[in-house]
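Reading through the structure tokens given below for one structure.
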There are 4 protein chains.
Amino acid sequence: MTLQVTVWNENVHEREEPEVAERYPEGIHGAVADALTERGFETRTATLGEDEHGLTEAVLDETDVLVWWSHCANDEVSDAVASRVVDRVHEGMGFVPLHSGKNSKPFKRLMGTTCNIKYRHGGETERVWVADHGHPIADGLPESFEIPSTEMYGEPYDVPEPDRTVFISWFEGGEVFRSGLCYRRGRGRIFAFRPGHEEYPILHQDEVQQVIGNAVEWAAPTEGSEAVWGEVEPANRED
Amino acid sequence: MTLQVTVWNENVHEREEPEVAERYPEGIHGAVADALTERGFETRTATLGEDEHGLTEAVLDETDVLVWWSHCANDEVSDAVASRVVDRVHEGMGFVPLHSGKNSKPFKRLMGTTCNIKYRHGGETERVWVADHGHPIADGLPESFEIPSTEMYGEPYDVPEPDRTVFISWFEGGEVFRSGLCYRRGRGRIFAFRPGHEEYPILHQDEVQQVIGNAVEWAAPTEGSEAVWGEVEPANRED
Amino acid sequence: MTLQVTVWNENVHEREEPEVAERYPEGIHGAVADALTERGFETRTATLGEDEHGLTEAVLDETDVLVWWSHCANDEVSDAVASRVVDRVHEGMGFVPLHSGKNSKPFKRLMGTTCNIKYRHGGETERVWVADHGHPIADGLPESFEIPSTEMYGEPYDVPEPDRTVFISWFEGGEVFRSGLCYRRGRGRIFAFRPGHEEYPILHQDEVQQVIGNAVEWAAPTEGSEAVWGEVEPANRED
Amino acid sequence: MTLQVTVWNENVHEREEPEVAERYPEGIHGAVADALTERGFETRTATLGEDEHGLTEAVLDETDVLVWWSHCANDEVSDAVASRVVDRVHEGMGFVPLHSGKNSKPFKRLMGTTCNIKYRHGGETERVWVADHGHPIADGLPESFEIPSTEMYGEPYDVPEPDRTVFISWFEGGEVFRSGLCYRRGRGRIFAFRPGHEEYPILHQDEVQQVIGNAVEWAAPTEGSEAVWGEVEPANRED
């Protein structure tokens, strides 16, 4: 069954900064969605400016995995939509925040921490190393790949100890960062991926698209077991 | 240096139900605080009905570990105080929610999950098994101890996979539950302990008091390293 | 692509105890293999008495997942074959030890602990609870299932803290046990499943077979990334 | 109570290479032991060439934490002594392998993996970043510290996913490495610390000594609970 992916983007830089618009003429969401469509996923997009930010119950009903890009407008996401996303993750929807999507309301609520980092603009080389060479999100990758110019993120990264550390980045300026982290909350899988800064064509880069595609497959809902909550009779009653 | 502990309690059942008041004449907070004072901690109490629920910045400035009991009034805790507690945990304060304190705003925000369970009233035996016999929260305990009558909590327990599973409970009616779970969020340590239902004298029980005392010691803040957040110059700049 | 499963069994109880032979006329390995074949896997068996215990390099070359049952003859497995199995797990082969397979040389070497437990013969009820309702090894299961008569295993279980705790068992006699635990070692996935005592028809039970089938799918090798070991030139050399 | 530390060293480079002997006139073990004695621990040393490698049962009886340096002679450690060390860790002794002590028999047996890495000689700068700023092994450290010249270790590091990732190193040549990892096996705590190559005066460096001292405190045995193994009567028998 083809996985259904919704790529959400605040879509602000693209509208306000000509260089970003030129780099991503269909928006960052468009670029990511195209890459995922090419990889065989059924893909749609949604943006902040749409009604309910485009993340209605109906859209989420048809979303196996939500890929999320946000940055300057994280606070403009309504609490109601943020809660809806969190609830869906608990119920099994995959969630893949990219870059500063780590500051989004849904991700911070799912983590329970500040998600603070250090950072630096200016454009420097990042080399993304695979730390967990047996992880499916690393499928088909070389042992490392380089992003020629990017914003730096540095440790400490104030998130809970992850289930798996898939990638660790090296930065030209001397810092390191856990760039690909796996979590589960409720039935839902979360993969936080660092790359994706809007000032460079990072989301057009093949390795980056491959990671996002792998992450979508990994984060797809699985059936799991029945779960009963609330007041119950003794399990031993039939004995 | 003596650890400073604040025992917080909603203090509602004690005021509204004569049996609970009789069982805990100083309140659940009073009973827990007495037990911790006897174990050598510097202890104070705070309750929902106080100004800012008794959890002012000044009180938290003098709190190494916050022990928390709540149940029916979880929703009456203000968002501001809940956020204050969460912030303090991120900065290093220990947090030990007891029993249905697992439904408190601070715990749920720190976990990022629903914290759902199944449950049953009526009074049945619980046997609390040590699963992690090398953990300091199990110091001095037998391999298991029995709570003669309690409310049952059953799996699944919708929390993130814990750092350590210290206790697992067996219930007469046929269920099991992970009764003692360790987490870290930011610099702060969290230990969620299941026992403590108000309808039975559980918090007067020696093993239960010992676990809470052990948890306070384990959850105490440690110094850690410097942490720098925000925009930075390259670490390599001095080269 | 159809997964290739090898079901290994020491095959001693079946040859020495008529009741076990009657219960498992094709051996425990035969019963498990049949169940997996019915679920669509390509299945073969191997036993202790065969040359190289039936686990030659050629057989392992065609094994995606190795299911392992052992008990009284754990010490008779040669160190060479145990090492071969461990090496294969490091390279990606899935490994699913059943019941006292937790005392096998490969499992103990992969864990690095004693794998000690407490136990009791005599036949009592076990109720296996799903603790991780979102895990694929729980796919399609009810919230719990009962094994009418079994040997008891009790905590503490001296294994490393698992990646995920999928099942926790309740025993009639008052004990609990983490019955389904997930690990990774190198590229390989390991799922240790408690049920399967030879004195009862447990491996004919539908839920047990379903768990083993789910575990085989979960433990199947994935591609992962390239990994380079040993002496290397600087990654920055092309700069 | 003063912690008792044994610093073990293969003591081969110091005897065979004049530059190493000059750098560490009392041996690497002597330098580390001195640093720990200054920090208030009761310290002794042991080396490969001694009877039973200096790790007799009597010595281990008086060892709370074993710090271990080894490199070229890892294979010369007898299986019996390696097993003895592993057994002691299971029983609660702390274990702190330094640098290529990650290839020692005890560490590899405790991990259950190959512990493979990539490496490079030649002397380049390493910057050790604190990833877990709330961890006691980072107590009192700056957010990072630099080792001016060292051998490089690079990811992937084939170890089990750690309980906590305390340090991540940046290398001048473009690699990264998880330099400080926490594990527990049985009752014992393990901290694997990367720095310590014999060709540079790294073990004389203050931050490195501080980390080792912090690790000794962290790895010290704690009491834990009673643990009963083997055949048992039902826990419910007294009911």
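The values are calculated or read from the model by the stated rules, or taken from the named source; none is laboratory data. Remember, predicted model here, so these are calculated numbers, not experimental data. Heads up, the Cβs are rebuilt from the backbone with ideal geometry, glycines too, and the neighbour counts pull from every protein chain shown. In case anyone asks, the SASA skips ligands and DNA or RNA and just uses the protein heavy atoms, side chains included. Shrake-Rupley method; radii C 1.70, N 1.55, O 1.52, S 1.80 Å.
May I ask you to verify whether B:LEU98 is within 11 Å of chain A (Cβ to nearest Cβ) and touching a residue at least 60 places away in the same chain (Cβ under 8 Å)? Break it down into steps so the answer makes sense when it comes.
Details: within 11 Å of chain A (Cβ to nearest Cβ): no; touching a residue at least 60 places away in the same chain (Cβ under 8 Å): yes.
Considered against the rule, which asks whether it is within 11 Å of chain A (Cβ to nearest Cβ) and touching a residue at least 60 places away in the same chain (Cβ under 8 Å), B:LEU98 comes out as no.
Consider only pairs whose beta carbons are under 7 Å apart and that are at least six residues apart or on different chains; among these, list those whose first residue lies in the stretch C:79-95 and is at positive phi and within 11 Å of another protein chain (Cβ to nearest Cβ) and whose second residue is part of a loop (DSSP other than H, G, I, E, B) and open to solvent by 40 Å² or more (accessible area, probe 1.4 Å).
Final answer for the pair search is C:GLY92/C:ARG187; C:GLY92/C:PRO221.
What tally of residues in the stretch D:15-39 results from selecting those that are more than 15 Å from D:TRP68 (Cα to Cα) and either at pLDDT below 95 or open to solvent by 50 Å² or more (accessible area, probe 1.4 Å) (or both)?
First, pick out the residues of the stretch D:15-39 that are more than 15 Å from D:TRP68 (Cα to Cα): D:15-26, D:37-39.
After this cut, where a residue has to be either at pLDDT below 95 or open to solvent by 50 Å² or more (accessible area, probe 1.4 Å) (or both) as well, the list is D:15-19, D:22-23, D:25-26, D:37-39.
Of the residues in that region, 12 qualify.
Got a sec? Which of C:PRO106, C:PRO97 is crowded, with 19+ Cβ neighbours inside 10 Å, out of contact with any Ser or Thr (no Cβ under 8 Å at 6 or more places or on another chain) and not in a loop (DSSP other than H, G, I, E, B)? Explain how you work it out, then say what you get.
Working: C:PRO97 fails: out of contact with any Ser or Thr (no Cβ under 8 Å at 6 or more places or on another chain).
Of the residues listed, the single one that is crowded, with 19+ Cβ neighbours inside 10 Å, out of contact with any Ser or Thr (no Cβ under 8 Å at 6 or more places or on another chain) and not in a loop (DSSP other than H, G, I, E, B) is C:PRO106.
List, please: which pairs have Cβ atoms under 7 Å, are six or more places apart or on different chains, and start with a residue in the stretch D:48-65 that is in contact (Cβ under 8 Å) with a residue 12 or more places away in the chain and end with one that is of a type outside the set (A, V, I, L, M, F, W, C) and in a helix (DSSP H, G or I)?
Correct list of pairs: D:LEU48/D:GLU76; D:LEU55/D:ARG84; D:LEU60/D:ARG84; D:LEU60/D:ARG88.
Residue check, C:PRO162 against (1) assigned to a loop (DSSP other than H, G, I, E, B); (2) out of contact with any Leu (no Cβ under 8 Å at 6 or more places or on another chain), all met but one. Which one?
So the condition that C:PRO162 fails would be (2).
For the subset of the stretch D:111-139 comprising residues that are within 14 Å of chain B (Cβ to nearest Cβ) and part of a helix (DSSP H, G or I), which member is most open to solvent (accessible area, probe 1.4 Å)? Break it down into steps so the answer makes sense when it comes.
Going through the stretch D:111-139, the residues within 14 Å of chain B (Cβ to nearest Cβ) turn out to be D:124-139.
So of that shortlist, the ones also part of a helix (DSSP H, G or I) come out as D:136-138.
On the way: D:PRO136: 33, D:ILE137: 0, D:ALA138: 0 Å².
Filtering the stretch D:111-139 for residues that are within 14 Å of chain B (Cβ to nearest Cβ) and part of a helix (DSSP H, G or I), the one most open to solvent (accessible area, probe 1.4 Å) comes out as D:PRO136.
Taking the stretch C:219-235 on its own, how many of its residues are farther than 11 Å from D:GLU155 by Cβ and open to solvent by less than 60 Å² (accessible area, probe 1.4 Å)? Show your work before the answer.
So the first thing to find is which residues in the stretch C:219-235 are farther than 11 Å from D:GLU155 by Cβ, and the list is C:219-224, C:226, C:230-234.
Adding the requirement that they be open to solvent by less than 60 Å² (accessible area, probe 1.4 Å) leaves C:219-222, C:224, C:230, C:232, C:234.
Residues in the stretch C:219-235 being farther than 11 Å from D:GLU155 by Cβ and open to solvent by less than 60 Å² (accessible area, probe 1.4 Å): 8 in total.
The conditions are (1) among the aliphatic types (A, V, I, L, M); (2) open to solvent by 60 Å² or more (accessible area, probe 1.4 Å); (3) within 24 Å of A:TYR200 (Cβ to Cβ), and A:ALA80 fails exactly one of them. Which is it?
Checking A:ALA80 against (1) among the aliphatic types (A, V, I, L, M); (2) open to solvent by 60 Å² or more (accessible area, probe 1.4 Å); (3) within 24 Å of A:TYR200 (Cβ to Cβ), the one that fails is (3).
Since D:LEU203 meets every condition but one in (1) surrounded by fewer than 18 Cβ atoms within 10 Å (Cβ to Cβ); (2) more than 14 Å from chain C (Cβ to nearest Cβ), which condition does it not meet?
Condition not satisfied by D:LEU203: (1).
Are there any pairs, at least 6 apart or on different chains, whose C-beta atoms fall under 8 Å, with the first in the stretch D:198-220 and touching a residue at least 60 places away in the same chain (Cβ under 8 Å) and in a loop (DSSP other than H, G, I, E, B) and the second buried (at least 19 other Cβ atoms within 10 Å of the Cβ) and among the small types (Gly, Ala, Ser), and if so, which?
D:ALA220/D:GLY94
Among C:ALA215, C:ALA227, which is modelled with pLDDT of 95 or more and out of contact with any strand residue (DSSP E or B) (no Cβ under 7 Å at 6 or more places or on another chain)? Let's see the steps before the verdict.
Numbers: C:ALA215 fails: out of contact with any strand residue (DSSP E or B) (no Cβ under 7 Å at 6 or more places or on another chain).
Result: C:ALA227 is the single residue among C:ALA215, C:ALA227 that is modelled with pLDDT of 95 or more and out of contact with any strand residue (DSSP E or B) (no Cβ under 7 Å at 6 or more places or on another chain).
Each row is one residue, and each column tells you yes or no for (1) open to solvent by 10 Å² or more (accessible area, probe 1.4 Å); (2) touching a residue at least 40 places away in the same chain (Cβ under 8 Å); (3) over 16 Å from B:PHE95 (Cα atoms); (4) away from chain A (no Cβ under 14 Å).
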position: B:PHE145; (1), (2), (3), (4): no, yes, yes, yes
position: B:MET152; (1), (2), (3), (4): no, no, yes, no
position: B:PRO160; (1), (2), (3), (4): no, yes, yes, no
position: B:ARG164; (1), (2), (3), (4): yes, no, no, no
position: B:SER169; (1), (2), (3), (4): no, yes, yes, no
position: B:GLU172; (1), (2), (3), (4): yes, yes, yes, no
position: B:TYR183; (1), (2), (3), (4): no, yes, no, no
position: B:PHE191; (1), (2), (3), (4): no, yes, no, yes
position: B:ARG194; (1), (2), (3), (4): no, yes, no, yes
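Looking only at the stretch B:41-77, how many residues end up being more than 16 Å from B:GLY30 (Cα to Cα) and surrounded by fewer than 18 Cβ atoms within 10 Å (Cβ to Cβ)?
So the answer is 11.
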